[in-house]
Amino acid sequence: MMFLAQMGAGLRDPSVILALAIVIVLALGLHEFSHAKFADMAGDPTPRYYGRVTLNLFNHFDPIGTIMIIFTIMTGFGIGWGKPVPMDPSKMKNPRWDHFVAVLAGPFSNLLQAIVFAMLFRVLAQGGSPLMQNTFVYALLSFGLTTNLALCFFNLLPLGPLDGMWILGTFLPEKARFQWTRWNLTIGQFVFLAVIILGQMSNLSIISLWIVPPIRFMMRLLLGQEIL
C-alpha cells in the first residue's frame, strides 16, 4: 500500500497527525454511533442504557482498536474497531432484520464518509484548487477516503467479533446461526487474532486479499483513479 506507507512516513508532520486524528475520531465514532442509533430506533433500550446513543464520539473508542488503526495506517490500510455496542435483538420490533440493519449501519456509515471525502477530493483536484497543495487538506481527504473504505470492508469480514459475522448469520437457519455465532465468539476470535498477526508478520495477509480489491474498485468508481 504505497500511498499510505508514504503518508505514514509523514506522520512526524503535525498537520498530518491532526488530519489522521480527525479521520479516526469520525470513522470509529460514527461507526459505533450508527450501530447504537439504529438499535435504539428499533426499540432496543440497551445502547441508551449504556450511554452509547451519543455523538460524543470518544464514548465509542476501544483502546486496542484505536491503537490498531494507528499502527496499520503506518504500514498499510487503516483497520481497527471501536468499543462494541451492546444490543439485545429480542427487544427490537423485528429482532432478526432490525438487528441486521443496526449491524450494517456501522460499515455503511464508513462508506458514506468515504463518499463525502471522495467528492471533496475530486471537486478540489479537478478544479485545480490550491487547497490540494496544503498538506493538512490532502492528508485529511486521502486518509478520510482510504481509512473509511478499509474500515467498511474490514468490518464486513465474516469472522470473529466483526460485523460481517452477524450480517452473514442473519441469512442462516436458526440452528446454523446459533452454531455460527457461538463458534465466532469463541474459537473464531482466536482465528481472527491469528489472521491479523499473520498479516502483520508476513507477506500473507488474508485481510488485504479481502479488502484491497473492493477498495481499489471503489476508488476508481468515486475518483476515477487509485491514490495508492
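The values are calculated or read from the model by the stated rules, or taken from the named source; none is laboratory data. Since this is a predicted model, take the numbers as computed values, not measurements. Glycine gets a Cβ as well: all are built from the backbone with ideal geometry, and neighbour counts include every protein chain shown. Each accessible area value is taken on the protein alone, full model and side chains, heavy atoms only, with ligands, DNA and RNA left out. Shrake-Rupley method; radii C 1.70, N 1.55, O 1.52, S 1.80 Å.
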Legend entry - Candidate set: the stretch 76-108, residues that are at pLDDT below 95 and in contact with a Leu (Cβ under 8 Å, 6 or more places away or on another chain); chosen: the one most open to solvent (accessible area, probe 1.4 Å): Trp81
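Select from the stretch 146-174 the residues that are open to solvent by less than 30 Å² (accessible area, probe 1.4 Å), under 21 Å from Leu222 (Cβ atoms) and not aromatic (Phe, Trp, Tyr) and list them in ascending order.
Restricting attention to the stretch 146-174, the residues satisfying the condition of being open to solvent by less than 30 Å² (accessible area, probe 1.4 Å) are 146-152, 154-155, 157, 159-160, 162-165, 167, 169-170.
Now narrow it down to the ones that are under 21 Å from Leu222 (Cβ atoms): 146-152, 154-155.
If the condition is that a residue be open to solvent by less than 30 Å² (accessible area, probe 1.4 Å), under 21 Å from Leu222 (Cβ atoms) and not aromatic (Phe, Trp, Tyr), then Thr146, Thr147, Asn148, Leu149, Ala150, Leu151, Cys152, Asn155 are the ones that fit.
Please tell me if Leu28 is surrounded by fewer than 16 Cβ atoms within 10 Å (Cβ to Cβ) and within 20 Å of Cys152 (Cβ to Cβ).
Details: surrounded by fewer than 16 Cβ atoms within 10 Å (Cβ to Cβ): no; within 20 Å of Cys152 (Cβ to Cβ): yes.
Taking the combined requirement at face value, the residue does not satisfy it.
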Legend entry - Condition check for Phe143: surrounded by fewer than 20 Cβ atoms within 10 Å (Cβ to Cβ) and among the aromatic types (Phe, Trp, Tyr): no
Inset, instruction - Check whether at least one residue in the stretch 40-60 is at pLDDT below 95, open to solvent by less than 10 Å² (accessible area, probe 1.4 Å) and hydrophobic (A, V, I, L, M, F, W, C), and report yes or no. - result: no
Inset, instruction - Go through the stretch 201-225 and count every residue that is of a type outside the set (Ser, Thr, Tyr), modelled with pLDDT under 85 and either touching a Phe, Trp or Tyr at 6+ places or on another chain (Cβ under 8 Å) or surrounded by 14 or more Cβ atoms within 10 Å (Cβ to Cβ) (or both). - result: 2
Legend entry - Given (1) under 22 Å from Lys37 (Cα atoms); (2) charged (D, E, K, R); (3) surrounded by 13 or more Cβ atoms within 10 Å (Cβ to Cβ), index of the condition Arg177 fails: (1)
Inset, instruction - Collect the residues in the stretch 38-56 that are touching an Asp or Glu at 6+ places or on another chain (Cβ under 9 Å) and farther than 13 Å from Pro84 by Cα, keeping them in residue-number order. - result: Phe38, Met41, Ala42, Gly43, Asp44, Pro45, Arg48
Inset, instruction - Answer yes or no: is there a residue in the stretch 3-16 that is open to solvent by less than 70 Å² (accessible area, probe 1.4 Å) and at pLDDT 85 or above. - result: yes
